[in-house]
Amino acid sequence: MHHLLIVGAGHGGTEVLHAFQRSPLLTVIGVVDPNEHAIGVQLAKRGQIRVETTWTAFEGTAIDFIIDATGEHGVLEQLIQFFPEAAVLPGEFVRVLLERLAEKERMLEAIIHCTSEAISVADQAGETMLINPAYTRMTGYTEQDVIGKPASADIGMQESVHLRVLETGESVRDARMKIGQDRRDIIVNAAPVVVDGQVRGSVGVIRDISEMKALTKELKAAKQKIRTLEAKYTFDDIIAESEPMRFVVDQAKLAATMPVNVLIRGESGTGKELFAHAIHAASDRRYEQFVRVNCAAIAPSLLESELFGYEEGAFSGARRGGKRGYFEEAHGGSLFLDEIGELPLDVQAKLLRVLQENEVVRVGGTKAVPVDVRIIAATNANLEQKIITGEFREDLYYRINRLPIHIPALRERPDDLSPLATHLLRKLNQSYGRSVERISEDALEAIRKQTWKGNVRELENVIGRALIFTDKTEQVLRKGHLQLVVTVTPKRSERPKKEIKHLSDEMSYVEEQLIREALDVVNGNKTEAAKQLGISLRALYYKVERFNIQC
Ligand SMILES: Nc1ncnc2c1ncn2[C@@H]1O[C@H](COP(=O)(O)OP(=O)(O)OP(=O)(O)O)[C@@H](O)[C@H]1O
């Protein structure tokens, strides 16, 4: 620490005393002035600094610097002579230096004042020495409240960060806490101010995150909303215990990872839409839109404009500014075309063009809009038959049928009945405000005996209805709750031909007979039967199970 003597305690000397009084680098060891009423003398006395009327009183004292603030001619030379070991500086020169420093300080202060981040600075002793208006806005504390006061007193936890910095000499990063009268959420970053290897203070920058928190909440709500637009189900929601169903799920999982269009076939209520959602959710398009269109539910006259959009004035009643179609909405994501077999031929032609060109031209427009959409189509119609009758375009069929997935009817996978019934029970409990835990064995037996023409949807309806008949406190769903219609299905082999109405039924019937005959001829040797039938062994196993052939 250097020792400083100030000679002259008028305005100039007082200014110098002010500047160095609390300097960590210098100690003012004395002030000299013959006028004991000089303002610098008063200040020095208050600061318990030695005051003398003549500098000779300091003879023999260790002094490094002397500032001549007398403004009198010849004093400087006398001081140099009297204190040959000390550096004597003219007061005017020191004042110029101090002025330059003050200018810089004002500049820094202006910068600190106009920044929107709240800043607080503590000195070496842990007292607040500077705050900015943003700090006051955020905390409610003014300069009067905090300057010169211990940094821990009135600011609560936030200021303890300064003390930590001063104690450890290390920065504190992203400390989360509450501050001010209205306990706002803040994040504090504080760093030590180091001069000549010594910690001289701590600078804290405080960021208000209450607003950020509110925005995060809004973002969460928005994401929630978006989720309802996204695919709702995943493969985890699909119950598939039976062998044929497991095979289908594996196929669908594979399809999800491939950039091809998918065609899902299966009777009504078998879960085609569920699979469409799951495929989208497992694909790399999962964060983009899943747009569902039921081609059978939209009037044929509107289908084209709904799918491909329209330009303003395309037809009477067209919206101003035009409208994006489902294709544009699904850009980057998946478009689920349910009941694709119901598309009119002219729309099929346009759909084919879109799939070939990867761009749509809105109705009434001329500009092609590029679209990147994966089609997941579904149908329970016999598309092959529709091609023969001219109702479905063969070229479109080949475009969408690259990865066909056939979901077996519920009657073809009896092993799924019990797990499905239990799954649906759990799912429906919530909607019906019940807490039924399980299905009794006799009820499950009755479910297994039923032929489920309406497939899983019918099973879902039956369980839903049964739940209505349960008491709020009941935990088991019993046979008596089920309102099953007993149907007697004639064995396929006994069914008179006249009753066969659908080509698909007819084809299944013929297929079953052919497989039975083939197995008969080869004495149940499945490998041989598959070979003779020209199908894979896996496909034969699947069909044997599907038709419940005992061999
Ligand atoms: N394997 C399954 N696991 C769980 N739930 C299923 C399963 N299959 C179908 N469901 C449920 O059954 C109901 C009918 O399924 P979905 O609507 O997907 O059938 P769909 O084949 O698309 O019917 P449609 O052809 O009539 O449109 C839905 O509530 C679905 O969640």
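The values are calculated or read from the model by the stated rules, or taken from the named source; none is laboratory data. Here the structure is a predicted model, which is why all the values come from computation and not from measurement. With ideal geometry, Cβ positions are generated from the backbone for all residues, glycine too; neighbour counts draw on all protein chains shown. Accessible surface areas use protein heavy atoms only, side chains included; no ligands, DNA or RNA. Shrake-Rupley method; radii C 1.70, N 1.55, O 1.52, S 1.80 Å.
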PRE zone check, label point 7 Å out along Cα-to-Cβ of SER268, amide N under 19 Å, scope the range 282-307, hits 293-300
For MET212, the accessible surface traced by a 1.4 Å probe with all protein chains present amounts, in square angstrom to the nearest 10, to 100
As a percent rounded to 5, the proportion of antiparallel DSSP bridges among beta bridges in the range 230-407 is 15
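CYS295: net charge of surrounding residues, Cβ under 10 Å, Lys/Arg +1, Asp/Glu -1, itself excluded?
-4
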Length-normalised contact order of the chain, Cα under 8 Å, at least 6 apart, in percent, tallies to 8
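How much length, in nm to one decimal, is gained on full extension between VAL195 and ASN294, taken as 0.36 nm per residue of separation minus their Cα-Cα distance?
Between VAL195 and ASN294, full extension yields an extra 28.3 nm.
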So for R0 = 60 Å, FRET eff. of ASN35-MET177 from the Cβ-Cβ r, to 0.05, ends up at 0.70
Between the modelled labels at GLU441 and ILE535 (7 Å from Cα along Cα→Cβ) the distance in nm is 3.6
Total charge of the residues flanking VAL16 in space, meaning their Cβ is under 12 Å from its Cβ, with Lys and Arg +1 and Asp and Glu -1, is -3
Label model pair GLN42, ARG286: point-to-point distance (7 angstrom along the Cα→beta-carbon line) in nm is 7.8
HN-Hα couplings for the range 167-177 via Karplus (6.51, -1.76, 1.60; θ = phi - 60°), in whole Hz with x for Gly/Pro, come out as 6, 9, x, 10, 5, 10, 10, 6, 7, 9, 7
Among beta bridges assigned by DSSP with both residues in the range 26-149, the antiparallel ones amount in percent, to the nearest 5, to 30
Heavy-atom accessible area of SER268, protein chains in place, probe 1.4 angstrom, given in Å² to nearest 10, is 60
Taking a label point 7 Å from the Cα of PHE82 along Cα-to-Cβ, the residues of the range 47-70 whose backbone nitrogen sits under 20 Å from it are 49-70
Neighbours of VAL363 by Cβ distance under 10 Å: Lys/Arg at +1, Asp/Glu at -1, summed charge 0
The correct ranking of THR257, THR270 by accessible area at 1.4 Å, largest first, is THR257, THR270
Among beta bridges assigned by DSSP with both residues in the chain, the antiparallel ones amount in percent, to the nearest 5, to 45
FRET efficiency for THR234 and ILE187 from the Cβ-Cβ distance with R0 = 41 Å, rounded to 0.05, comes out at 0.70
With the label point 7 Å along the Cα-to-beta-carbon line of GLN144 and a cut-off under 19 Å to each amide N, the hits in the range 91-130 are 128-130
Stokes-Einstein, Kirkwood over Cα pairs, the chain, 10 °C, 1.306 mPa s; D in µm²/s equals 49
Label model pair LEU215, VAL521: point-to-point distance (7 angstrom along the Cα→beta-carbon line) in nm is 7.5
Length-normalised contact order of the range 278-415, Cα under 8 Å, at least 6 apart, in percent, tallies to 25
The relative contact order of the range 2-97, taking Cα pairs under 8 Å that sit 6 or more residues apart, comes to a percentage of 32
For ASP237, the accessible surface traced by a 1.4 Å probe with all protein chains present amounts, in square angstrom to the nearest 10, to 50
Check: C-alpha center the range 100-115 vs C-alpha center the range 263-334, spacing in Å is 61
Out of HIS481, ILE111, TYR135 - ranked by how far each Cα lies towards the positive end of the dipole of the chain, with unit charges on the beta-carbon of charged residues - the top one is HIS481
With all protein chains present and a 1.4 Å probe, the order of CYS295, CYS114 from largest accessible area down is CYS114, CYS295
